[in-house]
Amino acid sequence: MKIREIVDILEAEIICGEEHLDNELHSACGADMMSDVLAFVKDQSVLLTGLINPQVVRTADMMDMRCIVFVRGKCPDEQVVELAQERGIVLMKSPLRMFVACGKLYEKGLRGGC
Amino acid sequence: MSLATYRFEVPGDDFTRAGEASGSLKRSLKKIGFDPDIIRRVSIAMYEAEINMVIHANGGVIDVEVSPQKIDIWFRDKGPGIPDIDLAMQEGYSTAPDNVRSLGFGAGMGLPNIKKYTDEMKIDTEIGVGTTVYISVYAK
(Lines give C-alpha, C1' and ligand atoms only; values in the text may rest on other atoms or scores of the structure.)
Protein backbone atom coordinates (compact mmCIF):
# COMPACT_ATOMS: atom_id res chain seq x y z
CA MET A 1 0.00 0.00 0.00
CA LYS A 2 1.35 3.44 -0.91
CA ILE A 3 1.62 6.08 1.80
CA ARG A 4 -0.74 8.35 -0.16
CA GLU A 5 -3.46 5.67 0.04
CA ILE A 6 -3.10 5.72 3.84
CA VAL A 7 -3.65 9.49 3.78
CA ASP A 8 -6.97 8.92 1.97
CA ILE A 9 -8.14 5.96 4.04
CA LEU A 10 -7.46 7.70 7.35
CA GLU A 11 -8.73 11.13 6.18
CA ALA A 12 -5.33 12.34 7.29
CA GLU A 13 -3.47 15.60 6.92
CA ILE A 14 0.22 15.42 6.01
CA ILE A 15 2.53 17.20 8.45
CA CYS A 16 5.81 16.52 6.63
CA GLY A 17 7.40 14.21 4.07
CA GLU A 18 5.15 14.85 1.04
CA GLU A 19 8.01 13.80 -1.24
CA HIS A 20 7.79 10.22 0.06
CA LEU A 21 4.06 9.59 -0.52
CA ASP A 22 4.65 7.05 -3.29
CA ASN A 23 6.72 4.77 -1.05
CA GLU A 24 5.19 1.34 -0.41
CA LEU A 25 4.38 0.06 3.08
CA HIS A 26 3.73 -3.60 3.78
CA SER A 27 2.61 -3.73 7.40
CA ALA A 28 1.33 -1.65 10.28
CA CYS A 29 1.73 -1.39 14.03
CA GLY A 30 -0.58 0.48 16.41
CA ALA A 31 0.92 1.22 19.84
CA ASP A 32 1.48 3.78 22.55
CA MET A 33 4.20 1.73 24.23
CA MET A 34 7.41 2.27 22.29
CA SER A 35 9.02 -0.84 23.77
CA ASP A 36 6.22 -2.89 22.21
CA VAL A 37 7.07 -1.28 18.88
CA LEU A 38 10.73 -2.15 19.41
CA ALA A 39 9.77 -5.79 19.99
CA PHE A 40 8.17 -5.86 16.53
CA VAL A 41 10.50 -6.05 13.52
CA LYS A 42 9.20 -5.64 10.02
CA ASP A 43 10.43 -3.63 7.09
CA GLN A 44 8.51 -0.76 5.58
CA SER A 45 5.90 -0.33 8.27
CA VAL A 46 3.59 2.45 9.34
CA LEU A 47 3.30 3.28 13.03
CA LEU A 48 -0.04 4.49 14.41
CA THR A 49 0.20 6.13 17.81
CA GLY A 50 -1.44 8.59 20.18
CA LEU A 51 1.93 9.85 21.47
CA ILE A 52 3.61 12.92 19.98
CA ASN A 53 7.02 13.12 21.72
CA PRO A 54 10.44 12.87 19.96
CA GLN A 55 10.88 9.26 21.10
CA VAL A 56 8.12 8.22 18.71
CA VAL A 57 10.23 9.43 15.76
CA ARG A 58 13.43 7.93 17.20
CA THR A 59 11.68 4.59 17.72
CA ALA A 60 10.35 4.59 14.16
CA ASP A 61 13.82 5.48 12.88
CA MET A 62 15.46 2.59 14.77
CA MET A 63 12.86 0.23 13.29
CA ASP A 64 13.29 1.60 9.74
CA MET A 65 9.61 2.62 9.76
CA ARG A 66 8.93 5.20 7.07
CA CYS A 67 5.62 6.70 8.21
CA ILE A 68 3.92 7.74 11.47
CA VAL A 69 0.20 8.46 11.87
CA PHE A 70 -0.87 10.46 14.92
CA VAL A 71 -4.42 9.47 15.79
CA ARG A 72 -7.19 11.61 17.35
CA GLY A 73 -5.93 14.67 15.47
CA LYS A 74 -2.85 15.12 17.62
CA CYS A 75 -0.03 17.21 16.22
CA PRO A 76 3.60 17.16 17.45
CA ASP A 77 5.67 20.30 17.99
CA GLU A 78 8.24 21.75 15.58
CA GLN A 79 11.18 19.89 17.17
CA VAL A 80 9.54 16.53 16.46
CA VAL A 81 8.68 17.54 12.88
CA GLU A 82 12.29 18.62 12.23
CA LEU A 83 13.60 15.31 13.57
CA ALA A 84 11.24 13.40 11.24
CA GLN A 85 12.33 15.52 8.27
CA GLU A 86 16.00 14.83 9.04
CA ARG A 87 15.28 11.09 9.10
CA GLY A 88 13.06 11.06 6.01
CA ILE A 89 9.96 9.91 7.87
CA VAL A 90 6.46 10.93 6.76
CA LEU A 91 4.26 12.37 9.53
CA MET A 92 0.48 12.72 9.27
CA LYS A 93 -2.42 13.28 11.63
CA SER A 94 -5.78 11.58 11.41
CA PRO A 95 -8.97 12.64 13.22
CA LEU A 96 -9.81 8.93 13.72
CA ARG A 97 -9.31 7.07 16.97
CA MET A 98 -6.69 4.33 17.21
CA PHE A 99 -9.10 1.38 16.96
CA VAL A 100 -10.96 2.78 13.97
CA ALA A 101 -7.77 3.87 12.19
CA CYS A 102 -6.21 0.41 12.58
CA GLY A 103 -9.48 -1.24 11.52
CA LYS A 104 -9.72 0.80 8.34
CA LEU A 105 -6.18 -0.06 7.28
CA TYR A 106 -6.77 -3.74 8.06
CA GLU A 107 -9.98 -3.69 6.04
CA LYS A 108 -8.01 -2.36 3.06
CA GLY A 109 -5.54 -5.21 3.28
CA LEU A 110 -2.70 -3.95 5.47
CA ARG A 111 -1.57 -6.50 8.06
CA GLY A 112 0.49 -6.57 11.23
CA GLY A 113 4.06 -7.82 10.94
CA CYS A 114 5.31 -10.96 12.55
CA MET B 1 40.91 -5.69 13.54
CA SER B 2 38.84 -2.72 14.59
CA LEU B 3 37.12 -0.67 11.87
CA ALA B 4 36.08 2.13 14.18
CA THR B 5 35.47 3.05 17.79
CA TYR B 6 32.99 5.54 19.14
CA ARG B 7 32.27 7.09 22.52
CA PHE B 8 28.98 8.75 23.42
CA GLU B 9 28.22 10.72 26.59
CA VAL B 10 24.54 10.26 27.44
CA PRO B 11 23.03 13.17 29.40
CA GLY B 12 20.78 12.06 32.21
CA ASP B 13 18.56 15.06 32.56
CA ASP B 14 16.86 15.29 29.17
CA PHE B 15 14.63 12.42 28.11
CA THR B 16 13.78 14.10 24.81
CA ARG B 17 17.43 13.66 23.71
CA ALA B 18 17.60 9.98 24.67
CA GLY B 19 18.32 8.04 21.51
CA GLU B 20 20.66 10.57 19.89
CA ALA B 21 23.66 8.29 20.39
CA SER B 22 21.81 5.31 18.91
CA GLY B 23 20.74 7.37 15.90
CA SER B 24 24.30 8.56 15.39
CA LEU B 25 25.77 5.03 15.52
CA LYS B 26 23.07 3.78 13.18
CA ARG B 27 24.11 6.33 10.54
CA SER B 28 27.80 5.44 11.01
CA LEU B 29 27.11 1.72 10.57
CA LYS B 30 25.14 2.46 7.41
CA LYS B 31 28.11 4.37 5.99
CA ILE B 32 30.45 1.49 6.81
CA GLY B 33 28.03 -0.72 4.87
CA PHE B 34 26.74 -3.36 7.30
CA ASP B 35 23.67 -5.43 6.42
CA PRO B 36 20.44 -3.52 7.28
CA ASP B 37 19.22 -6.34 9.51
CA ILE B 38 22.43 -6.23 11.57
CA ILE B 39 22.20 -2.43 11.81
CA ARG B 40 18.61 -2.61 12.99
CA ARG B 41 19.40 -5.19 15.68
CA VAL B 42 22.29 -3.05 16.97
CA SER B 43 20.17 0.11 16.84
CA ILE B 44 17.21 -1.33 18.74
CA ALA B 45 19.37 -2.89 21.46
CA MET B 46 21.44 0.27 21.85
CA TYR B 47 18.36 2.49 21.92
CA GLU B 48 16.73 0.42 24.67
CA ALA B 49 19.94 0.48 26.71
CA GLU B 50 20.40 4.22 26.15
CA ILE B 51 16.81 4.86 27.29
CA ASN B 52 17.49 2.71 30.38
CA MET B 53 20.54 4.82 31.23
CA VAL B 54 18.47 7.98 31.12
CA ILE B 55 15.50 6.56 33.03
CA HIS B 56 17.35 4.71 35.76
CA ALA B 57 20.92 5.99 36.05
CA ASN B 58 21.06 9.69 35.22
CA GLY B 59 22.93 8.98 32.00
CA GLY B 60 26.34 7.45 31.45
CA VAL B 61 28.93 6.61 28.81
CA ILE B 62 28.62 4.32 25.80
CA ASP B 63 31.69 2.81 24.12
CA VAL B 64 31.39 1.07 20.77
CA GLU B 65 33.95 -1.06 18.95
CA VAL B 66 33.16 -2.03 15.38
CA SER B 67 35.00 -4.81 13.57
CA PRO B 68 34.09 -6.71 10.39
CA GLN B 69 32.98 -9.68 12.53
CA LYS B 70 30.93 -7.99 15.26
CA ILE B 71 29.79 -4.81 16.96
CA ASP B 72 30.61 -4.64 20.69
CA ILE B 73 28.99 -2.02 22.93
CA TRP B 74 29.55 -1.19 26.60
CA PHE B 75 27.02 0.93 28.52
CA ARG B 76 28.52 2.22 31.76
CA ASP B 77 26.52 4.14 34.34
CA LYS B 78 26.89 5.27 37.94
CA GLY B 79 23.26 4.58 38.78
CA PRO B 80 21.72 2.72 41.70
CA GLY B 81 22.49 -0.78 40.34
CA ILE B 82 20.04 -3.63 39.67
CA PRO B 83 19.05 -5.55 42.86
CA ASP B 84 17.67 -8.63 41.08
CA ILE B 85 18.85 -9.20 37.49
CA ASP B 86 16.61 -12.25 36.90
CA LEU B 87 13.57 -10.18 37.85
CA ALA B 88 14.72 -7.25 35.70
CA MET B 89 15.08 -9.62 32.72
CA GLN B 90 11.42 -10.71 32.98
CA GLU B 91 9.13 -9.27 30.32
CA GLY B 92 6.72 -6.81 31.89
CA TYR B 93 8.72 -6.12 35.06
CA SER B 94 9.54 -2.43 35.36
CA THR B 95 10.58 0.08 38.00
CA ALA B 96 10.27 3.08 35.68
CA PRO B 97 8.38 6.09 37.07
CA ASP B 98 4.95 7.12 35.74
CA ASN B 99 6.25 10.16 33.83
CA VAL B 100 8.36 7.80 31.70
CA ARG B 101 5.37 5.55 31.02
CA SER B 102 3.42 8.52 29.70
CA LEU B 103 6.18 8.91 27.08
CA GLY B 104 5.77 5.32 25.91
CA PHE B 105 8.47 3.55 27.91
CA GLY B 106 8.57 1.54 31.12
CA ALA B 107 6.67 -1.46 29.76
CA GLY B 108 9.27 -3.82 31.20
CA MET B 109 10.48 -4.79 27.74
CA GLY B 110 13.84 -3.01 27.65
CA LEU B 111 16.24 -5.69 28.89
CA PRO B 112 14.27 -8.57 27.28
CA ASN B 113 14.36 -6.69 23.96
CA ILE B 114 18.12 -6.13 24.28
CA LYS B 115 18.64 -9.85 24.86
CA LYS B 116 16.36 -10.75 21.96
CA TYR B 117 18.27 -8.66 19.43
CA THR B 118 21.85 -9.41 20.48
CA ASP B 119 24.15 -12.43 20.26
CA GLU B 120 25.81 -11.76 23.61
CA MET B 121 24.63 -9.81 26.63
CA LYS B 122 26.26 -9.47 30.02
CA ILE B 123 25.26 -7.33 32.98
CA ASP B 124 27.66 -6.37 35.78
CA THR B 125 25.98 -4.43 38.52
CA GLU B 126 26.74 -3.30 42.05
CA ILE B 127 24.19 -1.65 44.29
CA GLY B 128 25.02 2.00 44.87
CA VAL B 129 27.98 1.91 42.46
CA GLY B 130 26.57 1.40 38.98
CA THR B 131 25.91 -0.96 36.13
CA THR B 132 27.79 -2.02 33.00
CA VAL B 133 25.84 -3.72 30.26
CA TYR B 134 27.88 -5.34 27.48
CA ILE B 135 26.28 -6.44 24.24
CA SER B 136 27.62 -7.92 21.03
CA VAL B 137 25.95 -8.40 17.66
CA TYR B 138 27.70 -10.69 15.17
CA ALA B 139 27.95 -9.33 11.67
CA LYS B 140 27.88 -12.69 9.93
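The values are calculated or read from the model by the stated rules, or taken from the named source; none is laboratory data. Keep in mind that what you see is a predicted model, and the values were worked out from it rather than measured. All Cβ positions, glycine included, derive from the backbone under ideal geometry; neighbour counts span all protein chains shown. We work out accessible area using only protein heavy atoms, side chains counted, and drop any ligands, DNA or RNA first. Shrake-Rupley method; radii C 1.70, N 1.55, O 1.52, S 1.80 Å.
Within the stretch B:32-44, work out how many residues are more than 9 Å from every other protein chain (Cβ to nearest Cβ) and open to solvent by less than 60 Å² (accessible area, probe 1.4 Å).
Qualifying residue count for the region: 4.
Of the numbered conditions (1) open to solvent by less than 30 Å² (accessible area, probe 1.4 Å); (2) without any contact (Cβ under 8 Å) to a residue 24 or more places away in the chain, residue A:78 fails exactly one; give the number of that condition.
(1)
Conditions tested, residue by residue: (1) without any contact (Cβ under 8 Å) to a residue 40 or more places away in the chain; (2) touching a His at 6+ places or on another chain (Cβ under 8 Å).
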site	(1), (2)
A:25	no, no
A:44	yes, yes
A:51	yes, no
A:55	yes, no
A:63	yes, no
A:73	yes, no
A:82	yes, no
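If a residue must be in a loop (DSSP other than H, G, I, E, B), open to solvent by 10 Å² or more (accessible area, probe 1.4 Å) and within 9 Å of chain B (Cβ to nearest Cβ), how many such residues does the stretch A:46-65 contain? First the steps, then the outcome.
Step one: list which residues in the stretch A:46-65 are in a loop (DSSP other than H, G, I, E, B), which gives A:50-53, A:63-65.
Restricting the remaining residues to those that are open to solvent by 10 Å² or more (accessible area, probe 1.4 Å) gives A:51-53, A:64.
Checking the rest, the ones that are also within 9 Å of chain B (Cβ to nearest Cβ) come to A:51, A:53, A:64.
Total satisfying the criteria: 3.
Being open to solvent by 70 Å² or more (accessible area, probe 1.4 Å) and either on the phi > 0 side of the Ramachandran plot or within 10 Å of chain A (Cβ to nearest Cβ) (or both) narrows it down to one residue among B:20, B:50; which is it? First the steps, then the outcome.
Details: B:50 fails: open to solvent by 70 Å² or more (accessible area, probe 1.4 Å).
The match here is B:20.
With respect to the numbered conditions (1) in a loop (DSSP other than H, G, I, E, B); (2) charged (D, E, K, R); (3) closer than 21 Å to residue B:105 by Cβ, which one is the sole condition not fulfilled by residue A:43?
Only one criterion is unmet by residue A:43, namely (3).
In this structure, is residue B:27 within 14 Å of chain A (Cβ to nearest Cβ) and surrounded by fewer than 15 Cβ atoms within 10 Å (Cβ to Cβ)?
yes
Given the conditions (1) out of contact with any helix residue (DSSP H, G or I) (no Cβ under 9 Å at 6 or more places or on another chain); (2) surrounded by 14 or more Cβ atoms within 10 Å (Cβ to Cβ), report the number of the one that residue A:109 does not fulfil.
(2)
Here's the yes/no breakdown for (1) in contact with an Asp or Glu (Cβ under 8 Å, 6 or more places away or on another chain); (2) open to solvent by 30 Å² or more (accessible area, probe 1.4 Å); (3) not in a loop (DSSP other than H, G, I, E, B):
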| residue | (1), (2), (3) |
| --- | --- |
| B:73 | yes, no, yes |
| B:82 | no, yes, no |
| B:92 | no, yes, no |
| B:107 | yes, no, no |
| B:113 | yes, no, yes |
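Looking only at the stretch B:15-37, which residues are out of contact with any strand residue (DSSP E or B) (no Cβ under 9 Å at 6 or more places or on another chain) and either in contact (Cβ under 8 Å) with a residue 12 or more places away in the chain or not in a loop (DSSP other than H, G, I, E, B) (or both)? Explain how you work it out, then say what you get.
Step one: list which residues in the stretch B:15-37 are out of contact with any strand residue (DSSP E or B) (no Cβ under 9 Å at 6 or more places or on another chain), which gives B:15-16, B:19, B:23, B:26-27, B:30-31, B:33, B:35-37.
Listed by number, the residues that qualify are B:15, B:16, B:19, B:23, B:26, B:27, B:30, B:31, B:35, B:36, B:37.
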